[in-house]
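Structure, as C-alpha cells:
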Number of protein chains: 2
Amino acid sequence: MIDRQNIESEFKNLQDRICKGLENLDGLGRFRQDLWHREKGGGGRTRIIQSQHIEKGGVNFSAVMGDMPERISKALGLGPNRFFATGVSIVLHARNPHVPIIHMNVRYFETSEGPWWFGGGIDMTPHYIIDKDAAQFHRSLKETCDKYDHAWYPEFKKWADDYFYLKHRNETRGIGGIFFDRMDSKRASKDRLFDFVIDVGDSFLDCYSEVFNKYSDKAYTEREKEWQLHRRGRYVEFNLVWDKGTRFGLDTGGNIESILMSLPPECRWTYSYDYNKIELDTLNKLKKEIDWLSRTAE
Amino acid sequence: MIDRQNIESEFKNLQDRICKGLENLDGLGRFRQDLWHREKGGGGRTRIIQSQHIEKGGVNFSAVMGDMPERISKALGLGPNRFFATGVSIVLHARNPHVPIIHMNVRYFETSEGPWWFGGGIDMTPHYIIDKDAAQFHRSLKETCDKYDHAWYPEFKKWADDYFYLKHRNETRGIGGIFFDRMDSKRASKDRLFDFVIDVGDSFLDCYSEVFNKYSDKAYTEREKEWQLHRRGRYVEFNLVWDKGTRFGLDTGGNIESILMSLPPECRWTYSYDYNKIELDTLNKLKKEIDWLSRTAE
C-alpha cells in the first residue's frame, strides 16, 4: 500500500508535469521557484509564472507536518497527535478575457492516530460563460470520475456548486466543477483513491489546454478587458471572504505570498457596474444546480 | 436630552455637509445618490463620487432598526429586544498616489432594553508615509479629542493601531488615527458624546482637505501609480479579511454595493513585489505604537 512518502513524491512529480505542460502551452513564460521552509516542520515549492499569456499563475506544492493544533484535534474527536499534510494547488489568471480563470487542488492529510483522507477539486471561472465549453469541461470531469465510481461526479459537482459560492452575492464563483473532501477507506482503498486524485490532477492540463488554445489569441476589446477586471474582483471576494483554505492559511500564519498567489494580477471594483447584454447573460449563469452536461446541444 | 431622531437627523446633515465639501474640493465630480430600503426596517442614502480627482469615494448614511438577531442579544447579555443603528461611513480613493486613502465612520446604536452607545473613528492610509503629514493628521485628531477628555486621544490612537491591523502580514493598514466603540454614559453624557462624534465627523473634511490640496495636482510616475495599486491590494485584504463592519454586513446580507463601496476602483497583486527604497521606507512605518506627534521636527 502506498504511504505518505509515495504521495508526497508523486505530488511533486505532478507539479513538475503541470509546470512543464503550462510552459509549453504559454510558449513564452517560465516558472520561477521559491522554496520555503516551515519552522515547525516541512515546507514547499512555490512556482509562479507572470507572462504575456498567463498574466499570473501559481502551481504550488507543499508538505507540512507537526503537532496538531488542539482545536483541530478536538474537532476531529482525537487526542493530542501529529499530522502530515501535502498537496498541489493551482490558480491561473490569463491576460485574455476570453480565457477562463482556473483552479485545481489535490491534497492528502493523515494523523498519527490513524485517520487519513484525500481531498481536492477543479473549478473554472470563465469571464464569459459559453455553454458548449462548460459542457465539455464538465464532461471531461465526469469521465475522470466515472473511471472510479459513477456516483462521484453528481455528488462532487453538487459539492463544488455549494463550495465555490459567494453567499453575500448569491452567485456561484463560475461554472463550478468538482470538489471532494474526507475521501477515506469508506469510499475506496487508499491506492485507488490516490490513483483518482492523480487522475484529477492530470486532467487539469487537458481541461485548461482546451480553452487556452481556443481563446488565448482571440482579439478582445477594452470593454471585455474591463469586464475581466470586474469579474476578477468577485474572485478576490470569494478567496478572501469564503475560501476555507485561504482563511485557514491567513489565520494560522502560513506562507502569505504562497497562499495569496491565487489573487489576480489586477482587478477593479466599480460601483453599480452597468452590465451589457452578454455580461448579464454570464451573470444569469452564476447559479447552482445548472446541468451543464445537458447544454451541449445549444 | 437628544434622542435617536436628533441623532439620525444630524447624521444626515453631516453627510450633506461632507458631500458638499468634497464636491467643492474635487472641483469636477458630483455625488450620485442611491436610496435603499431594508425589508426588516430602515434604509440608507448611498452617495458615490467617481471623478477625475477622487477616483472612487463613498459617503454613506444609514439608519436601520428591527428585532435584534438572537446571537447579538446573547452576546450583549440581553433578552429578546429591538435595536436601532445609524451612522455615516466614508472611504475615499484618490487617483493621485500622493493623496492618501482616508476612512471615517461615526455610529450610534441603541436597544429597546436600554443600553446605547456611540462609536467611530478616522484613519488614513498614505501610499507614501510622510512623517510631517502624519504628525499634522494626528495633531488634528488630538485637538478634537482634547476638547472632551485628554485621556481619549492616547486611548483611541492605540485602539486604532490595534483595529486597523493586517494580522496575516503583521502590518498596520496605514498611519492609524483614532478608533472608539461602546462609548456610553460611563464616558460622558449622551449629549456630550454626541457633540464629540459630530466633531469627529466634521474634522474629517479638514484632515482630508489638507492632504488633498497639497498633493492632488502633484505629478506622479508610472511606478508611483503601480505602488498605489499594490498598496490598495492591502486595503482590500484588510476590509475583506479583518474589518468587523464589512464581515458583519456580508454575513448578515446588508446592502452589498453600499458595504463594498470601500473597495478601490482598481488594484493589483504582484507576486514578490520588488520594493524600492522609498516604498520600503513606507513599509517600515506600517507599525503599531509609532508616536506620530513627536515626528513633527523631522
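We did not get these values from a lab; they are worked out from the coordinates using the rules stated. Quantities reported herein were computed from a predicted structural model and do not represent experimental measurements. Cβ sites come from the backbone with ideal geometry, for glycine too, and all protein chains shown count toward neighbours.
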* Residue in the range B:236-272 that is farthest from the other protein chains (Cβ to nearest Cβ), counting only those that are touching a His at 6+ places or on another chain (Cβ under 8 Å) and under 20 Å from B:Asp161 (Cβ atoms) -> B:Ser262
* To do: Only residues that are buried (at least 21 other Cβ atoms within 10 Å of the Cβ) and aliphatic (A, V, I, L, M): list them for the range B:21-47, please.
  => B:Leu22
* Mind listing just one residue for me: the one in the range A:88-117 that is crowded, with 24+ Cβ neighbours inside 10 Å and over 11 Å from the mean Cα position of the chain (by Cα) and, of those, nearest to A:Phe156 (Cα to Cα)? => A:Tyr108
* Could you tell me which residue of the range A:1-57 is farthest from the chain's Cα centre (by Cα), considering only residues that are hydrophobic (A, V, I, L, M, F, W, C) and in a loop (DSSP other than H, G, I, E, B)? => A:Met1
* **Lone unmet requirement of (1) of a type in the set (Gly, Ala, Ser); (2) more than 13 Å from every other protein chain (Cβ to nearest Cβ); (3) in a helix (DSSP H, G or I) for A:Gly233** => (2)
* To do: Test A:Thr282 against the criterion of being more than 14 Å from chain B (Cβ to nearest Cβ) and either closer than 26 Å to B:Val91 by Cβ or touching a Pro at 6+ places or on another chain (Cβ under 8 Å) (or both), and give yes or no.
  => yes
* Index of the failed condition, B:Gln228 passing every other in (1) surrounded by 18 or more Cβ atoms within 10 Å (Cβ to Cβ); (2) within 30 Å of B:Glu110 (Cβ to Cβ); (3) within 14 Å of chain A (Cβ to nearest Cβ) -> (2)
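Give the range A:58-86 a look and list any residue that's small (Gly, Ala, Ser) and free of Cβ contacts under 8 Å to residues at least 60 places away in the same chain, or say none.
Filtering the range A:58-86 down to residues small (Gly, Ala, Ser) leaves A:58, A:62-63, A:66, A:73, A:75, A:77, A:79, A:85.
Matches in the range A:58-86: A:Ala63, A:Gly66, A:Ser73, A:Ala75, A:Gly77, A:Gly79, A:Ala85.
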* Hey, among the residues in the range A:252-274 that are in contact (Cβ under 8 Å) with a residue 12 or more places away in the chain and among the acidic types (Asp, Glu), which one's surrounded by the fewest Cβ atoms within 10 Å (Cβ to Cβ)? -> A:Glu257
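Mind telling me which of the residues B:Asp202, B:Asp184 ends up being touching a strand residue (DSSP E or B) at 6+ places or on another chain (Cβ under 7 Å) and surrounded by fewer than 19 Cβ atoms within 10 Å (Cβ to Cβ)? Step through it out loud before you land on a result.
Details: B:Asp202 fails: touching a strand residue (DSSP E or B) at 6+ places or on another chain (Cβ under 7 Å).
Step by step, each of B:Asp202, B:Asp184 is checked, and only B:Asp184 is touching a strand residue (DSSP E or B) at 6+ places or on another chain (Cβ under 7 Å) and surrounded by fewer than 19 Cβ atoms within 10 Å (Cβ to Cβ).
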* Structure fact -> Across (1) touching a Leu at 6+ places or on another chain (Cβ under 9 Å); (2) surrounded by fewer than 23 Cβ atoms within 10 Å (Cβ to Cβ), A:Lys56 clears everything bar (2)
